[in-house]
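The structure under discussion appears below in the form of structure tokens.
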Amino acid sequence: MGKKAFSGLRVLDCTQGVGGPYCTKLLADFGAEVIKVEKPGEGDVARRMGPFLGNDPDPEKSGTFFYLNTNKKSITLNLRSETGVDIFKKLVREADVLAEDFGPGILSEIGLSIEVLKEVNPGLILTSISDFGQTGPYRHYKATNLTLSGLGGTMYTSRPTNEPMDRPVVEGGLQAEYITGLLSFIATVAALISRTRSNKGTQIDISKMESVASTLTMHFGEYSYLGVSKRTNLVAIHGYPNDYYPCKDGWMNITPGIGGAPNIPLLMEIPELQDDPLFAKPGARMAEPEKFDALVLPWLKEQEKWKAAKAAQEITLGFTPVLTPGELPEDEQLKAREFFAKANHPVMGEVTYAGAPAKLSETRWQPGKAPLLGEHNEEIYGGLGYSKEDLVRLREQGLI
Amino acid sequence: MGYKLLDGIRIIDLAMVFAGPMSSKLLALLGAEIIKIESAVRSDVFTRANVYPENDPGEEPWNRGSFFHTINTGKYGVSLNLGSEKGREVLKNLIKISDAVVENFSPRVMDNWGMGYDELKKIKPDLIMVSMSGLGHYGPLKDFYMYVPGMEGMSGLASLTGYPDEPPLLSGHAYGDWVLGTTGAAALLTALYYRQRTGEGQYIDVAGREAVACHIGEVIMDSTLNGRVRTRVGNQHSSAAPHGCYRCKGNDQWVNIAVENDEQWRGFCQAIGGPTWTKDERFRDVLNRWKNREELDKFVETWTAQHDHYEAMKILQKAGVPSGAVLSMKEVHLDPQFVERGFFEIIDHGKGIGKRPIPKSMPAKFSGAEEFSLRRAPRFGQDNEYVFCDLLGMSRDELKALEKENIIGGIPKFPPGRPTRMDLVEKRGAGWRDPDYLSELRKKHGDDIGKG
């Protein structure tokens, strides 16, 4: 099995969907014992999100749930009952981290206010993930990945290249969620590092709207220094070209890189144009992009993306192919790096999925399966001293 | 404000442009001491030489670039020429008293300098080193020249972004770099936590393309489970409607609306006053609304077009409908939720630049952790004395000798400071320009913004 970065660390995971579970998935994939606390009977909402294996909407066949819950354990517990909350407190006592995304005020409402949690476990790290944060005028607003992306500022400047300017478009997938999950992971681990020296717990309040905005980096400087926001489009103001263009078998990016553009005519086998300002001078391309397009794009249309990219790379041009998710498993670089992971799941069989976000030489990222709903009830509740008879009784009462 | 969670941790930042500096900025905000290394022959030109205050490069343009200021807040900065053997010796001495090194050179650079992890480990056995690159430090394509469009394009993300009948869309805010840098910070902290318990360091190889691919993990599942390849869907939901970005009253204003179930649909219809089209048979349930989403979107827009985007959001939120104004960069700076929660820190960048709001790159609030005020991004070579003399114990004479040999100090080799091409912004639709930005910012962030 090898060394694990977070071995011995116990995390109670009361998050669901995508963002929160991505945070705790990272903890689990690097070796923490993550106990997912799910609602009896239903479980995590991601269990009802596609894609489903074979398009069968079985809660144990969701690809979304699988991907976001690898290496976790699952227990069921009704937190809207006094007994449920009492049992939960016993779990909190043994935990290092509690991650939750109930929304502002809900923990207190069910009798688990910060004061109560601190009393039960003074060293607890409480990671509270919510759409807008625990405070502020929007804190009770309803949100989704789409609305958070718009409020977080990543959509307004994201406009397709056609004229007149089209409406804003959200980034593909569920980026607001992953951004928040990754930042929540960082916040949680930083608090854990601090705790090894101070023995003090920390409460973390992290907002999805702010997390999205934090990815805007240079857009902020552009506005507060100059009053400008750059649109995603063909006519970039920091260099040209940097977009995706059609080729024979799909799309390519043809960013030349600093000083690289004079090599484009070499690639196109028209070396006599190397000194043409369109290739020799970045400013000339920005001033007359359509001239550059007229020369290069018809040629590009006839090229195969991998072949052209590799030939370009040989002469230091940063050309790259655009790949679809379906092309990733066959990518030679990803294969050589064993990016895709495999795990056996009792219902889904062998599942192949995106693996390590980073390669750590000593404490490697671990593959693993997602848990069935309540799969670890006996193990976890047994560890608290509940007998099999107790569990039957709790199940009948709808508590687990 | 930063939080002193990583107090006492020292990290050497050899990185440039966005990804690497992003990783160390996050760690600076969490209380680590970050020492950014640049040299006069190899300074962080792209970020130092871009977007100057009021478009004025000034006399020292390398100290005025807004990109640099935004992503290097909270760090110390020294000048040190790593192209020389002596410079690398100084760096090695610095690494001996540090906890981690982050770098985002092309995969061959550190090895060529004799500063690969195996070498550095000899002088600092428990060192953590993070290498950030486009495709990773091993594998047949490791030497690919990669920029953000490559990372987003080769990860699958670009193929999913944009409208169905249009090209894949680049993020525009270097999202791929952000994911790479932030994943680097996450991995570094993971290793640091492990080192605290075991005393063991390690080497970390982060490939931007892989880090981004992890952020479309659930989409990739459709390919690996079912052999189905998803593509661009604009702002549509896979099974619910109305779901999109709708035009509002005013110039180029938009609101997002995401109705995902019948309860929200009923709330939506009620909130907009129940016009007759809401009772149309074609929109009676989730399935039918989704099937007829194009017609539905047109009707929805007849309502949104009568309202300001913030107003539309508020009306719909009252009825429990997920909705949100699509905020421009100006609005992000002024929005009450951001401002009230302290998302911006006002940092004084000194003479000729003054105070500017700098966003929190680590937007979490930590209660129980000690807060501290962030330093402004360093001027070129600003902290040479502190780092080389106070930390490394070099004498002032030794420092001067190294300055004479051009190993420390100097002025960065720098292209003439170029203003941003405002003509392209306006005439060619390359972006938006708000001439009143300073007075807008002063409304929310204080009268002294931009003064100093």
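By definition, a body whose alpha carbon gyration tensor gives a ≥ b ≥ c is oblate when a/c is 1.5 or more and a/b is not larger than b/c, and region B:307-374 fits this oblate description.
I'd like to know how the protein assembly as shown sits against the 2.2 N^0.38 Å rule of thumb: what's its Cα Rg over that expected value?
Values: Rg = 26.3 Å, N = 852, 2.2 N^0.38 = 28.6 Å.
Ratio of Cα Rg to 2.2 N^0.38 Å: 0.92.
Residues B:Glu345, A:Glu222, B:Glu89, ranked from the fewest to the most other C-beta atoms within 10 Å, line up as B:Glu89, B:Glu345, A:Glu222. In chain B, the longest principal axis of the Cα atoms and the axis of helix B:19-29 are about 90 degrees apart.
Take every residue in peptide A:156-167, count the Cβ atoms of other chains within 10 Å of its Cβ, and give the average of those counts. Mind showing how you got there, number by number?
Values: counts 14, 7, 9, 6, 9, 6, 3, 2, 1, 2, 5, 11.
Going residue by residue through A:156-167 and averaging, the value is 6.
Between A:Asp56 and A:Ile258, residue separation times 0.36 nm minus the direct Cα-Cα distance comes to 67.7 nm.
What FRET efficiency would be calculated for the residue pair A:Lys89, A:Lys301, taking the C-beta separation as r and a Förster radius of 60 Å, to the nearest 0.05? That pair, A:Lys89 with A:Lys301, gives E of 0.40.
Taken along the Cα-to-beta-carbon direction at a fixed 7 Å, the label points for B:Tyr138 and A:Lys248 span 3.5 nm.
Spin-label model, B:Asn288/B:Glu59: points 7 Å from Cα along the beta carbon direction are separated by 7.4 nm. Please give me, ordered by residue number, the GluC sites (Glu not before Pro) of region A:4-49 that lie in loop per DSSP and have at most 14 other Cβ atoms within 10 Å. Qualifying residues, ordered by number: A:Glu42.
Across region B:243-328, C-alpha contacts under 8 Å between residues 6 or more apart give a mean separation that, scaled by the residue count, equals a relative contact order of 45 percent.
Ordering B:His173, A:His140 from the fewest to the most neighbouring beta carbons within 10 Å gives A:His140, B:His173.
For region B:229-269, the alpha-carbon radius of gyration amounts to 1.36 times the rule-of-thumb value 2.2 N^0.38 Å expected for a compact globular protein. For the pair region A:374-400 and region B:396-428, the centres of their Cα atoms are 66 angstrom apart.
Name the trypsin sites (Lys or Arg not before Pro) in region B:73-133 that are in a loop by DSSP and that have at most 12 other C-beta atoms within 10 Å, would you? Don't jump to the answer; show the numbers that get you there.
Values: sites: B:Lys75, B:Lys86, B:Arg88, B:Lys92, B:Lys96, B:Arg108, B:Lys121, B:Lys122; in loops: B:Lys75, B:Arg108.
Answer in residue order: B:Arg108.
Shape of region B:1-93 from its Cα gyration tensor (a ≥ b ≥ c, root eigenvalues): rounded if a/c is under 1.5, otherwise prolate when a/b > b/c, or oblate? Cα axes put region B:1-93 in the oblate bin. With the Cα gyration tensor of region B:243-328 giving a ≥ b ≥ c as the square roots of its eigenvalues, does the rule (a/c under 1.5 for rounded; else a/b larger than b/c for prolate; else oblate) give rounded, prolate or oblate? Cα axes put region B:243-328 in the prolate bin.
Take each residue in A:244-256, count the other chain C-beta atoms within 10 Å of its C-beta, and the mean is 4. Loop-resident trypsin sites (Lys or Arg not before Pro) (DSSP state other than H, G, I, E or B) in region A:159-214 with no more than 16 further Cβ atoms inside 10 Å of their Cβ: A:Lys200. Could you compute the FRET efficiency for A:Leu384 and B:Arg442, with r as their C-beta to C-beta distance and R0 at 56 Å, rounded to 0.05? In this case the efficiency is close to 0.45. Comparing mean-square fluctuations of A:Thr64, A:Thr154, A:Thr135 from a GNM of chain A with C-alpha springs under 10 Å, the top value falls on A:Thr135. Stokes-Einstein diffusion of chain B at 20 °C, 1.002 mPa s viscosity, Kirkwood radius from Cα pairs, rounded to a whole number: 87 µm²/s. Histogrammed with a bin width of 5 Å, the alpha carbon distances of region A:48-131 distribute as 3, 12, 18, 21, 16, 13, 10, 5, 2, 0 percent, first bin at zero. Each Lys and Arg adds +1 at its Cβ and each Asp and Glu adds -1 at its Cβ; summed about the Cα centre, region B:243-328 shows a dipole of about 100 debye. Straight-distance candidates among the lysines for linking to B:Lys360, with alpha-carbon spacing under 21 Å and chain neighbours fewer than 8 residues away dropped: A:Lys208, A:Lys230, B:Lys4, B:Lys25, B:Lys36, B:Lys75, B:Lys330, B:Lys443, B:Lys444.
To the nearest 20 Debye, how big is the dipole of region A:245-323 about its Cα centre, given +1 on the beta carbon of each Lys and Arg and -1 on that of each Asp and Glu? Kindly include the intermediate steps, with their values, before the conclusion.
Details: 8 positive and 11 negative charges, 54 e Å.
That gives a dipole near 260 debye.
With Rh defined as the Kirkwood radius, the inverse of the mean 1/r over Cα pairs, the Rg/Rh of region B:288-343 is 1.09. For region A:245-323, lysine pairs separated by 8 or more sequence positions, or belonging to different chains, with Cα-Cα distances below 18 Å total 7. Rounded to the nearest 20, the size of the Cβ-charge dipole of chain B about its Cα centre is 140 debye, with Lys and Arg at +1 and Asp and Glu at -1. When the alpha carbon coordinates of region A:245-323 are projected onto the principal axes, the ranges are 30, 24, 20 Å, largest first.
Counting Cβ atoms of other protein chains within 10 Å of each Cβ in A:117-128 and taking the mean gives 1.
How high is the FRET efficiency between B:Arg433 and B:Asp262 when r is their beta carbon distance and R₀ equals 30 Å, given to the nearest 0.05?
Working: r = 44 Å, r/R0 = 1.46.
The value I calculate is 0.10.
Quick check on the exposure proxy: order A:Phe132, A:Phe319 from fewest to most C-beta atoms within 10 angstrom. Spell out each step's value before the answer.
Numbers: A:Phe132 23, A:Phe319 28.
Least crowded to most crowded, the residues run A:Phe132, A:Phe319.
Between the alpha-carbon centers of region A:264-325 and region B:182-251, tell me the distance in whole angstrom. Centre-to-centre distance over Cα atoms comes out at 30 Å.
Quick note: the coordinates plus some simple rules give every number you see, no bench work behind them. What you see is a predicted model, and the numbers here were worked out from it, not measured in a lab. Counting neighbours? That spans all protein chains shown, and the Cβs are built from the backbone with ideal geometry, glycine included.
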